[in-house]
Amino acid sequence: MAIAAGLNPRSHRSITLQATAPTMPPPFIATAPPDVLQWVAALSERPVPLLRRTVHALDDFRDNEDAVDAHLMAQTLGTDPLFVLRLLQHVAQLRPGHSGSQAETVTEALVLLGITPFFRAFGAPLPIAELWLETQAQAHASLQGLVTRAQRAARLAMGMALQRQDHDATVIHQATLLHDLPQMLLCLQAPDLAQQLRLDADGVGGNESEAEIAALHHEVLNVSLPALRLALAQHWRLPGLLVQSCDPALAHLNQVRNVHLALRLARLSSQQGWGHPALDEPLAATAHLLGLSASQALDLLTDLDS
């Protein structure tokens, strides 16, 4: 991890000791709960591990608490969807009387908490996803693929939002980053079920159509992923745009379209690059949303993805 000027990184030895802290998972979920409410309950009662690099970054920031601020920490930590989820969950739990977390972004959440209370809440040792799945090679590869794709989609979404001069570009970036959390949580908490969904190392499901993928998900999980995604976002009182992007009734809104198109573009281009023939339709829709020609939209997207 790159540490900002003026910060003193921890020694390699201390990071290694922190990374091997005994924070291993409870027994994985082996049988799918029968409905969406029981899925929400099962996932809500289990700890969410963080990416290894996030835990290392937190160690460094904790040792230099007086030299860091919310913006610096958000730049480093805000690309880990698992960390963002835990942070927003924590803020929402502190404000149970509010309909939402009152923090739309990582920076806002850190400012709301304060740096010292944040470090108290995220004290060491923290569970590490790579160790959590050390005996689950396929689930680990799928999680890595999902995180990488979410980060790509979030970059595309941010660039598209800036092109649209949307003042909520950062919120759109975060909603896109968190959209595929159900799949990530399945890899972490129910790896055998995730394997049945045939997620490959790119976090995608092969060449099946969207309808075939949806049918498989319902067969394995007893619920659809969109229904689970919306139920989790509502139960955890995640930011409004993320909830909206999970609701099919709001798919016409420009910000929601921004999120969905970025996700679709990232998924298809991760399979066969930007020459994938299935990209023609979402590229045309993106060009229309951005007020660009198809070639201009493709140039913008490939620049954002470079």
Karplus (6.51, -1.76, 1.60) ³J(HN,Hα), θ = phi - 60°, over segment 115-125, in Hz, Gly and Pro reported as x: 5, 5, x, 4, 5, 5, 6, 10, x, 6, x
Order of ARG237, ARG95 under a 10 Å beta carbon neighbour criterion, fewest first: ARG95, ARG237
Computed [θ] at 222 nm, helices only, for the chain once each DSSP H run of length n ≥ 4 contributes -39500 (n - 2.57): -19000 deg cm²/dmol
The chain: DSSP helices with Cα axial extent of at least 18 Å and average Kyte-Doolittle hydropathy no lower than -1.0: 81-94, 137-163, 254-272
Sorted largest first, extent of the chain alpha carbons per principal axis (Å): 49, 44, 41
Nonlocal amide H pairs with ILE128, under 5 Å, H built at 1.01 Å: LEU50
Where only C-alpha atoms are counted, convex hull volume of segment 40-129 per residue in Å³: 97 Å³
Extreme residue, positive dipole direction of segment 136-305, given options THR170, ALA278, LEU300 (C-beta unit charges): THR170
Gain on full stretching of the segment that runs from ALA215 to GLU45 - 0.36 nm per residue minus C-alpha separation: 58.5 nm
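About its Cα centre, what dipole magnitude does the chain give when the only charges are +1 on Lys and Arg Cβ and -1 on Asp and Glu Cβ, stated in debye to the nearest 20?
I would put it at about 480 debye.
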Listed residues LEU265, LEU225, ALA74: farthest to the positive end of the dipole of the chain (Cβ charges): ALA74
Listed residues LEU43, ALA124, PHE61: farthest to the positive end of the dipole of segment 40-129 (Cβ charges): LEU43
Cα gyration tensor of segment 171-297 - equivalent ellipsoid semi-axes, whole Å, descending: 25, 20, 12
Where labels lie 7 Å past Cα in the beta-carbon direction, separation of ALA124 and ASP303 in nm: 4.3 nm
Binned Cα-Cα distance frequencies in segment 99-246 - 10 Å width, integer %: 11, 32, 38, 17, 2
Length-normalised contact order of the chain in % [C-alpha pairs under 8 Å, at least 6 apart]: 21 percent
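No value in this document is a laboratory result; all are computed from the given coordinates. Note that the coordinates shown come from a computational prediction; the quantities given were computed from them, not determined experimentally. Don't worry about glycine lacking a Cβ; one is built from the backbone with ideal geometry, like all the others, and counts go over all protein chains shown.
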